[in-house]
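The values are calculated or read from the model by the stated rules, or taken from the named source; none is laboratory data. The shown structure was predicted, so the numbers you read here are calculated from the model rather than taken from an experiment. With ideal geometry, Cβ positions are generated from the backbone for all residues, glycine too; neighbour counts draw on all protein chains shown. Side chains included, ligands, DNA and RNA excluded: accessible areas come from the protein's heavy atoms. Shrake-Rupley method; radii C 1.70, N 1.55, O 1.52, S 1.80 Å.
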Amino acid sequence: MYYLYIQLASGKEYIWTMTNNNDLMDLYSKRILALAADIEHTKRLDNPQSTVKKRSPMCGSMVTVDICLNENKVVDYGHEVKACALGQAAASVISKSIIGSDVDQILTAREELIDMLTKNGSSPNKPFEELEVLQPAKDFKNRHSSILLTFDAIADAINEINKPEPIKTS
């Protein structure tokens, strides 16, 4: 059993317990754990345009996202993340880049992340390029749903906001 200790510049301290499995040790790198410990936009929004809660049946990870769009760009975002370090790392990267991103960038990054994990595709483009840190997880299919959970919730929220208005009849 190993313990990994990280102290952020903010003074927050985190300790993770690791097994002797070298593959898992490589997967849970210091960089991933540092990202997982530094998630932004953790305050839920008071008046979101959409709120979506998703749960991964594989591992039990959960995320709730609140989002506001204006002219197809994210203008406000908040989330609550209860996930493994990989899911938290993905949420961290997304949270640092989502404000100001347009819907197409977000949905494209989600598809690029899926391709990176399942088809040896390249890592997502800017502003989500830091998701490349999760590339070693491609060999751990049981971790993919947690990694994709935040993007999946955001995609559902975007679809909810952009769904066609019901046709009014008399």
Filtering region 73-94 down to residues that are without any contact (Cβ under 8 Å) to a residue 40 or more places away in the chain and touching a helix residue (DSSP H, G or I) at 6+ places or on another chain (Cβ under 8 Å), which residue is farthest from residue 52 (Cα to Cα)? 73
Quick one: which strands (runs of 3 or more DSSP E) sit completely within region 26-110 and have at least 3 residues that are closer than 15 Å to residue 151 by Cβ, open to solvent by 20 Å² or more (accessible area, probe 1.4 Å) and not polar (S, T, N, Q)? 50-55
Small (Gly, Ala, Ser) and modelled with pLDDT under 95: does that describe residue 101? no
Search result, residues across region 150-170 that are surrounded by fewer than 19 Cβ atoms within 10 Å (Cβ to Cβ), of a type outside the set (Val, Ile, Thr) and either part of a helix (DSSP H, G or I) or in contact (Cβ under 8 Å) with a residue 24 or more places away in the chain (or both): 152, 156, 159, 160, 162
Residues of region 71-89 satisfying the condition of being among the acidic types (Asp, Glu) and at negative phi: 76, 80
Can you pull out the residues in region 118-149 that are charged (D, E, K, R) and open to solvent by less than 20 Å² (accessible area, probe 1.4 Å)? none
